[in-house]
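**Q** A single structure is presented below for examination.
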Amino acid sequence: MSSLVKEDLEKKLFKPLSQNLYEFIEIEFSVQDRYYLCVSVTKNEEVKIIMVKHYRIGLEEKYEVTKKWSLNDLQMIDGKEADTDNPFFDLHFKKVYSLEAYSCASKYAFARTVNKLNHAYLKKDLQIVNFDSTYINDDSIWSSNNKDCLVLMRICFYAFNLVCLSLCPLPL
């Protein structure tokens, strides 16, 4: 489903704006409409963070840009609590925007993409706080191109280790 939405967003919104869509996540912003937080790169290699409203008129899907920021203006991404599985995070521009992702995994996917594009295009000191850095940085052994499976893979690894340890006999 998300690949169809991404394809539709690219075709109807980002290609006409001459931008490449790198990542989008669904955010809980309004009860009535769907909203997406998108990360794109312009032809001038400027990274944009765009909030898009998704609605339907008859059978046709429509997308409307509601907010647009430059990555250069982003000061910090605050994941709220690194130790808990929650979808809440703040984007700190001149104003702080408190957002709720559809899931914790999508919150991390967004932060990973922003971090990766920051290193590729801006190389500025972007603060990403209250996230488990193991899941954010590409230099960790857990980095993966299959972004949503990242958290699940690590949980399975720890669970497997716990099972193995619990089956080992203790020396007396």
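**Q** Given R₀ = 35 Å, FRET efficiency for Ser3-Leu167 by Cβ-Cβ distance, to 0.05?
**A** About 0.30, to the nearest 0.05.
**Q** Of the heavy-atom accessible surface of the stretch 1-149 (probe 1.4 angstrom), what whole percent is carbon and sulfur?
**A** So the carbon and sulfur contribution to the accessible surface is 45 percent.
**Q** Among Leu122, Leu17, Leu59, which one shows the highest mean-square fluctuation when the chain is modelled as a Gaussian network with alpha-carbon springs under 10 Å?
**A** The residue that fluctuates most here is Leu59.
**Q** Okay, moving on. Return the inverse of the average 1/r over all pairs of distinct C-alpha atoms in the stretch 4-163, which is the Kirkwood hydrodynamic radius, in Å to one decimal.
**A** 16.5
**Q** Simple spin-label model, 7 Å along Cα-to-Cβ: Lys95 to Ala120 in nm?
**A** 3.0
**Q** Give the long-range amide H neighbours of Asn130: residues separated by 5 or more places, or on another chain, with amide H under 5 Å away, using H modelled in the peptide plane at 1.01 Å from N.
**A** Long-range HN contacts for Asn130: Gly79.
**Q** Further, regarding this structure: Using the reciprocal of the averaged 1/r over all distinct C-alpha pairs, how large is the Kirkwood radius of the stretch 1-85 in Å?
**A** Hydrodynamic radius (Kirkwood, Cα only) of the stretch 1-85 equals 14.0 Å.
**Q** From the backbone phi of the stretch 86-99, what are the Karplus-calculated ³J(HN,Hα) couplings (6.51 cos²θ - 1.76 cosθ + 1.60, θ = phi - 60°) in whole Hz, Gly and Pro given as x?
**A** Whole-Hz 3J(HN,Hα) from phi for the stretch 86-99: 10, x, 8, 7, 10, 9, 9, 10, 5, 10, 9, 10, 8, 10.
**Q** Sticking with this one: Could you state the number of Å between the C-alpha centres of the stretch 28-47 and the stretch 95-124?
**A** Each part's Cα centre sits 11 Å from the other's.
**Q** Taking a probe of 1.4 Å, how large is the accessible area per residue of the chain, in Å²?
**A** 62
**Q** Next question. What's the magnitude of the charge dipole for the stretch 1-142 around its Cα centre, counting Lys and Arg as +1 and Asp and Glu as -1 at the beta-carbon? Answer in Debye, nearest 20.
**A** Around 640 debye, computed over the stretch 1-142.
**Q** If you take the alpha carbon radius of gyration of the stretch 62-124 and divide it by 2.2 N^0.38 Å, what ratio comes out, to two decimals?
**A** On the way: Rg = 12.4 Å, N = 63, 2.2 N^0.38 = 10.6 Å.
Computed over Cα atoms of the stretch 62-124, the ratio equals 1.17.
**Q** Please give the solvent-accessible surface of Ser30 in Å², to the nearest 10, using a probe radius of 1.4 Å with every protein chain present.
**A** Taking all protein chains as shown, Ser30 has close to 40 Å².
**Q** Connecting C-alpha atoms closer than 10 Å in a GNM of the chain, tell me which of Tyr22, Tyr36, Tyr158 has the biggest fluctuation.
**A** Tyr158
**Q** Whose amide H sits under 5 Å from the amide H of Glu46, counting only residues 5 or more places off or on another chain, with H placed in the peptide plane?
**A** Long-range HN contacts for Glu46: none found.
**Q** Something else now. Restricting to Cα pairs below 8 Å that are 6+ residues apart, what does the relative contact order work out to for the chain? Please round to a whole percent. All intermediate terms of the calculation are to be shown ahead of the outcome.
**A** On the way: 268 pairs, mean separation 26.6, N = 172.
Across the chain, relative contact order equals 15 percent.
The values are calculated or read from the model by the stated rules, or taken from the named source; none is laboratory data. Since this is a predicted model, take the numbers as computed values, not measurements. Cβ coordinates were reconstructed from backbone atoms using ideal geometry, including for glycine residues, and neighbour counts include every protein chain displayed. Areas reflect the complete protein model, heavy atoms only, side chains present, ligands, DNA and RNA absent. Shrake-Rupley method; radii C 1.70, N 1.55, O 1.52, S 1.80 Å.
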